[in-house]
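Below is one structure, written out as structure tokens; comments come after it.
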Amino acid sequence: MILPIYALGQPVLKKVAKPIDQDYEGLSELIDSMWETMYHAHGIGLAAPQIGKSIRLFIVDTVQAMEEGKADEGIKRVFINAQKLEEAGDPWDYEEGCLSIPDARGDVKRPPQVKLRYMDENFVEKEEVFTGINARVIQHEYDHIDGILFIEHLKPLKRRLLKRRLENIRKGKINCEYKMKFARLK
Ligand code: NI
């Protein structure tokens with residue numbers, strides 16, 4: 001089921017999300033709906049707070065984002081109760097965007113490598129190191145379950161340039177090709 005994506009201004013996006021256990025009701029249907037919602041919106045990652053659930057769950061598919069012939073360097077994963085164990089390397093700039101903040105993009109600096117411990121969709125514990133775009137998308141989604149949005153990492157000047165756009169998103173005064181849920185309607 002395609003779910004509405006919660007827009008900037010929705011309080012759930014600013015909450016630190018809670019861990020879940022295997023008995024979380026409707027978990028596999030929820031994960032299916034998140035995949036469907038993400039692909040429908042042409043995203044490469046989606047975190048549960050973005051569909052209104054304050055739980056530590058996010059999904060990532062970078063296979064589709066890799067250059068031609070490099071699809072095997074991408075990952076498709078469900079991350080439950082992820083813990084960031086380590087970040088390493090010289091931080092690099094990469095232009096990020098977010099399905100909760102349509103048509104706003106900006107360079108964010110993050111380390112190129114992240115080590116995570118997490119549960120997959122079957123609640124099997126994994127420990128894995130991710131690099132490059134994979135690390136980048138994971139770090140962005142991980143921020144979501146801690147109530148942090150990428151715009152908070154932007155340089156003050158860039159944020160000022162985006163101010164009106166962000167205000168319009170908060171008010172629901174935007175056109176978006178996928179369904180969104182706004183905190184305040186126009
Ligand atoms: Ni996002």
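The values are calculated or read from the model by the stated rules, or taken from the named source; none is laboratory data. Note that this is a predicted model, so its numbers are computed, not measured. Note that each Cβ is placed from the backbone with ideal geometry, even for glycine, and that neighbours are counted across all protein chains shown. Calculation scope for accessible area: heavy atoms of the full protein, side chains included, ligands and nucleic acids excluded. Shrake-Rupley method; radii C 1.70, N 1.55, O 1.52, S 1.80 Å.
Ordering Leu99, Val63, Phe123 by the projection of their Cα atoms onto the charge dipole of the chain, which places +1 on the Cβ of Lys and Arg and -1 on the Cβ of Asp and Glu, puts Leu99 at the extreme positive end. Here's how it looks for Leu85: its modeled amide H is under 5 Å from those of Lys115, Leu116, Arg117, which are all 5 or more places away or on a different chain.
Ignoring aspartates and glutamates fewer than eight residues from Lys126 along the same chain, the ones with Cα atoms less than 16 angstrom from its Cα are Asp21, Glu86. For Asp93, the accessible area of its heavy atoms, probed at 1.4 Å with every protein chain present, is near 70 square angstrom.
Would you calculate, for the chain, the mean residue ellipticity at 222 nm contributed by helices, counting each DSSP H stretch of 4 or more residues as -39,500 (n - 2.57) and dividing by all residues, to the nearest 500? Dividing the helical sum by the residues of the chain leaves -7000 deg cm²/dmol.
The length gained by stretching the chain between Lys109 and Glu127 to full extension, at 0.36 nm per residue less their Cα-Cα distance, is 4.1 nm. Once backbone amide H atoms are built at 1.01 Å from N, Gly45 has Asp61 as its partners under 5 Å, excluding neighbours fewer than 5 places away on the same chain. In a simple Cβ point-charge model (Lys, Arg +1; Asp, Glu -1; nothing else charged), the chain has a dipole of about 1540 debye relative to its Cα centre. For the stretch 5-173, the per residue solvent-accessible surface stands at 50 Å², with DNA, RNA and ligands left out and a 1.4 Å probe.
With Cα atoms defining each centre, the stretch 112-136 and the stretch 65-98 are spaced 9 Å apart in the structure. Straight-line cross-link reach from Lys171 at under 20 Å between alpha-carbon atoms covers these aspartates and glutamates, not counting any fewer than eight positions away in the same chain: Asp103, Glu152. Taking Met34, Met66, Met119 as the candidate residues, the one with maximal mean-square fluctuation in a Gaussian network model of the chain, Cα springs under 10 Å, is Met66.
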